[in-house]
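Read-outs: derived from the displayed coordinates by stated rules, not from any lab. Keep in mind it's a predicted model, so treat the numbers as computed, not measured. Positions of Cβ are generated from backbone atoms using ideal geometry, with glycine treated the same way; all protein chains shown enter the neighbour counts.
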Amino acid sequence: MTERPRLTVIGTGYLGATHAVCMAELGFEVLGLDVEEAKVTSLQSGQVPFYEPGLPELLQKNLDSGRLRFTTSYEEVGAFGDVHFLCVGTPQKKGEYAADMTYVDASFRSLVPHLRDGALVVGKSTVPAGTAERLADELARTATAKDVELAWNPEFLREGFAVEDTLTPDRLVFGIRSERAEALLRAAFGPVIDVPTPVVTCDFATAQLVKVAANAFLATKISFINAMAEVCEATHGDVTKLSEALSYDTRIGGRFLHAGLGFGGGCLPKDIRAFMARAGELGVDQALSFLKEVDAINLRRRARMVDLARESLGGSFAGSRVAVLGAAFKPNSDDIRDSPALDVASAIQSQGAAVVLYDPAAMDNAKRVHPEIGYRESAVEAGRGADIVLHLTEWKEFRTMDPSALSAVVAHKRIVDGRNALDPVLWREAGWTYRALGRP
Ligand code: UGA
């Protein structure tokens, strides 16, 4: 068995770029591949093509060490690697709930002909149950190299904490079919396992399910507290107090129990939909029918936010100026995929308001997708002349903002806190009408 296997990482998006950099940081020789030449050129020159705190520094350090390189050549990757991590995306299919497997299938088929004898291919992408079994069959049928094998190792990293989650994960899950595959994976994750990190070894089906089950649980927890926010709105209760009181019960816990505008991003929404689609194919759709409600509760929060803003303006957006703080789907990220903040901003713009937005990191991405919205370079500039301010992504810069900075520039001191992250007492004392989702 290889003591320190040489690793390749196929697909250098969020997951792949972070995995490649962190594995090099742990002392492995790593070759990253992407079919997009621009991404490879950018990474090779030390530029991370997305916002992730801590990653640019580690990328440069490991490029300098000589342990990390990037290429567009599958031939080079096949010749180099003992263990190949498949990290390509599985977005939601257009007009369907199911995951689009185009990138997984294409990268796998491009890699297989170039594998060396004894190589291990490790799937990390989030996939529908049954994918690993199908790829293992295909590998057995089509590989020309001897003793090549497949394993599944789902990834649980969060954007904004990607480095930390990769270097010190809560757990490692190894879906394996042989002792040899397990030994190679243990060698590839040696320094992580030594931390120590718990390792769960299991079959392919379970390994693939752990990932979607984890995201389904997290989404359910968020929608649960947002459902309670709806009830609080009807009863004049305060969901933030409710959530705090629940959190002291260690069986429930306080994490992912923060009510607000709900979940977005490239993972939770599409993963629960793909999970439902796969359950339908497997004939167990009833087992996951609750996820439809989880999705519906989540989307209702966006509609409620628009209603609350309109109500605060006296019943119409027409002719009003709306300042939006936040575009990213969550703080510490420039990712706008399925962003609740941008969804709300564009809905309000389409209802006749002039929306002016500021986000500390996601402005370029937001401008590309929503050029119809106005953009400014600071919260104060976005607030200038505003009839209402909407707080939609809870960046620290907004959470710690002194209300007087905005008081000086807005037309009307009205704020709706879509993330329940501002201090109502502070804003009200500064003369603002403060409203929020699920609290009086
Ligand atoms: C999520 C999971 O947390 C990761 O474990 C998983 O690896 C990743 O998806 C993935 O599948 O790749 P991520 O999408 O980076 O990570 O974002 P989260 O931190 O989970 O937040 C998701 C959304 O939920 C955000 O829009 C956030 O604002 C929202 N959220 C989170 C709430 O509305 N309330 C909460 O209490 C927590």
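Considering every alpha-carbon pair of the range 298-436, the percent of pairs per 10 Å bin, from zero through the bin containing the longest distance, is 13, 50, 34, 3. As a calculated quantity, the FRET efficiency between residue 180 and residue 412 at R0 = 60 Å, using C-beta atoms, amounts to about 0.30. For the peptides 289-296, 430-437, 261-268, residues were scored by their other Cβ atoms within 10 Å and the scores averaged per peptide; the highest-first order is 261-268, 430-437, 289-296.
Between residue 311 and residue 299, the modelled labels are 2.2 nm apart [label points 7 Å from Cα along Cα→Cβ]. The magnitude of the dipole of the chain, with charges of +1 and -1 set on the Cβ of Lys/Arg and Asp/Glu and taken from the Cα centre, is near 860 debye. Remark: the Cα gyration tensor places the range 136-268 in the prolate category, a/c being 1.5 or greater and a/b exceeding b/c.
When the P(r) is computed for the chain, the part past 40 Å accounts for 25% of the Cα-Cα pairs.
Counting every C-alpha pair in the range 212-295, the share spaced more than 20 angstrom apart comes to 39%. Each residue in 10, 272 was given a count of other beta-carbon atoms within 10 angstrom of its own, and listing them fewest first yields 272, 10. From its DSSP helices (H runs of at least four residues, each -39,500 (n - 2.57)), the chain gives a residue-normalised ellipticity at 222 nm of -13500 deg cm²/dmol. Taking Cα centroids, how far is the range 353-432 from the range 240-263 in Å? Cα centroid of the range 353-432 versus Cα centroid of the range 240-263: 25 Å apart. Computing FRET efficiency as 1/(1 + (r/R0)^6) for residue 206 and residue 433, where r is the C-beta to C-beta distance and R0 is 51 Å, gives about 0.50. With R₀ fixed at 51 Å, the C-beta to C-beta distance from residue 220 to residue 73 puts the FRET efficiency at about 0.75. All C-alpha pair distances within the range 381-440, sorted into 5 Å bins from zero, spread as 4, 20, 33, 30, 12, 1 percent across the bins. Here the residues 335, 203, 170, ranked from fewest to most Cβ neighbours within 10 Å of their Cβ, fall in the order 170, 203, 335. Put simply, the amide H of residue 201, placed in the peptide plane, has neighbours under 5 Å in 174, leaving out anything fewer than 5 places away on its chain. Placing +1 on each Lys and Arg Cβ and -1 on each Asp and Glu Cβ, with no other charges, gives the range 212-295 a dipole about its Cα centre of roughly 260 debye. When a/c is below 1.5 the answer is rounded, else prolate if a/b is larger than b/c, else oblate, so apply that to the range 261-346 with a ≥ b ≥ c taken from the square roots of the Cα gyration tensor eigenvalues. Note, shape of the range 261-346 comes out oblate.
Each principal axis of the range 7-202 carries a Cα extent, and these read 42, 40, 35 Å when sorted largest first. Ordered by the count of other Cβ atoms within 10 Å of each Cβ, fewest first, 370, 236 give 236, 370. Computed about its Cα centre, the charge dipole of the range 298-436 is approximately 340 debye, with only Lys, Arg, Asp and Glu carrying charge at their Cβ. The residue among 331, 42, 437 whose Cα reaches farthest toward the positive pole of the charge dipole of the chain, with charges on the beta-carbon of Lys, Arg, Asp and Glu, is 437.
GNM on the chain, alpha-carbon springs under 10 angstrom: the most fluctuating residue among 180, 251, 384 is 251.
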